[in-house]
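Below is one structure, written out as structure tokens; the observations come after it.
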Amino acid sequence: MNQELQIIIDYVEGKSDIKDFRKEFLNNPSIKKLLESKICIEAFKSYNYNLFDYFNKRINPLRNDWDNVYSKYVVWYDLKLFLDYNHIAYDRSNQKYQDDYSYILDIQPSWLDISVDQSICNKIIAECPKDLSKTKRIAWGKARIKELFKYDKTYPRWIQDPEWPIINGKPLVFSHQKKAGKDDERVYYYFYDPDTKEETIITQMY
């Protein structure tokens, strides 16, 4: 088996870290060539039917260090598709990335998306007691979310995807939201740092 293929298998099997694979993806021309090989699956149609373009456009490694639950899962899942498509054998027992991603989806409310923020996700997953049942782990996670993401009266009603600001690994507190004007499509979401009272405003548009 060639070295480049082994790099892919090692990540899928959980033998290497996402940071190691990202480094190879960015710097190893042989990995680029391998992932540019055609994979005729409809999900990759808009990406020239190859994983190299798909990863670059969907989870751009130059803007995203991939060290978050969502990116780890996407890379793992799609590399599995690549191996299966090419009839390459590998150990299928590693489910950690899927389990972690599913856990975050189970515990986060509809007004929050923390799957791309490693500072929060990794912390919650690491802190969660390992001896709890699945039901109790989810209950623990939901309670932890409430402790971390606070609001004065009610949670934000986002008109687009959730954009709760997190500064230095610490979620800000949600104050309120306000429409810019009667005929204006902008909505402002006001957050503040509970220690410094410094305000942060998130703008979304209909």
Phe174 versus (1) within 19 Å of the chain's Cα centre (by Cα); (2) touching a residue at least 12 places away in the same chain (Cβ under 8 Å): which is the lone unmet condition?
-> (1)
If you check Arg144, Arg157, which single one turns out to be among the charged types (D, E, K, R), without any contact (Cβ under 8 Å) to a residue 60 or more places away in the chain and over 16 Å from Asp117 (Cα atoms)?
-> Arg157
Candidate set: the stretch 159-175, residues that are among the aliphatic types (A, V, I, L, M) and not in a loop (DSSP other than H, G, I, E, B); chosen: the one surrounded by the fewest Cβ atoms within 10 Å (Cβ to Cβ) = Ile167
Go through the stretch 48-69 and count every residue that is over 11 Å from Ile18 (Cβ atoms) and touching a Cys at 6+ places or on another chain (Cβ under 9 Å).
-> 1
The residue that is surrounded by the most Cβ atoms within 10 Å (Cβ to Cβ), considering only those in the stretch 46-74 that are assigned to a helix (DSSP H, G or I) and among the polar types (S, T, N, Q), is Ser71
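Residues are listed down the side, and each one gets a yes or a no for (1) under 17 Å from Tyr70 (Cβ atoms); (2) polar (S, T, N, Q); (3) in contact with a Cys (Cβ under 9 Å, 6 or more places away or on another chain):
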| position | (1), (2), (3) |
| --- | --- |
| Pro109 | yes, no, no |
| Leu112 | yes, no, no |
| Lys123 | yes, no, no |
| Ile159 | no, no, no |
| Ile166 | yes, no, no |
| Lys182 | no, no, no |
| Val187 | no, no, no |
| Ile201 | no, no, no |
| Gln204 | no, yes, no |
Of the residues Thr154, Thr135, which is among the hydroxyl-bearing types (Ser, Thr, Tyr) and either within 30 Å of Glu13 (Cα to Cα) or in the same structural domain as Val12 (by TED's automatic domain parsing) (or both)?
-> Thr135
Within the stretch 10-44, can you find the residues that are out of contact with any helix residue (DSSP H, G or I) (no Cβ under 7 Å at 6 or more places or on another chain) and either assigned to a helix (DSSP H, G or I) or on the phi > 0 side of the Ramachandran plot (or both)?
-> Asp10, Lys19, Asp20, Arg22, Lys23, Leu26, Asn27, Pro29, Lys33, Glu42, Ala43
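From the list Lys182, Lys197, Lys153, Lys178, exactly one residue is out of contact with any Lys or Arg (no Cβ under 9 Å at 6 or more places or on another chain), part of a strand (DSSP E or B) and either charged (D, E, K, R) or surrounded by 11 or more Cβ atoms within 10 Å (Cβ to Cβ) (or both). Which is it?
Lys178
For the stretch 141-171, which positions are aliphatic (A, V, I, L, M) and in contact with an Asp or Glu (Cβ under 6 Å, 6 or more places away or on another chain)?
Ile166
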Check off (1) crowded, with 19+ Cβ neighbours inside 10 Å; (2) within 30 Å of His176 (Cα to Cα); (3) at pLDDT 90 or above for Gln118 and give me the number that stays unchecked.
-> (3)
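The values are calculated or read from the model by the stated rules, or taken from the named source; none is laboratory data. Note that the coordinates shown come from a computational prediction; the quantities given were computed from them, not determined experimentally. As a convention, Cβ positions derive from the backbone with ideal geometry for all residues, glycine included, and neighbour counts pool all protein chains shown.
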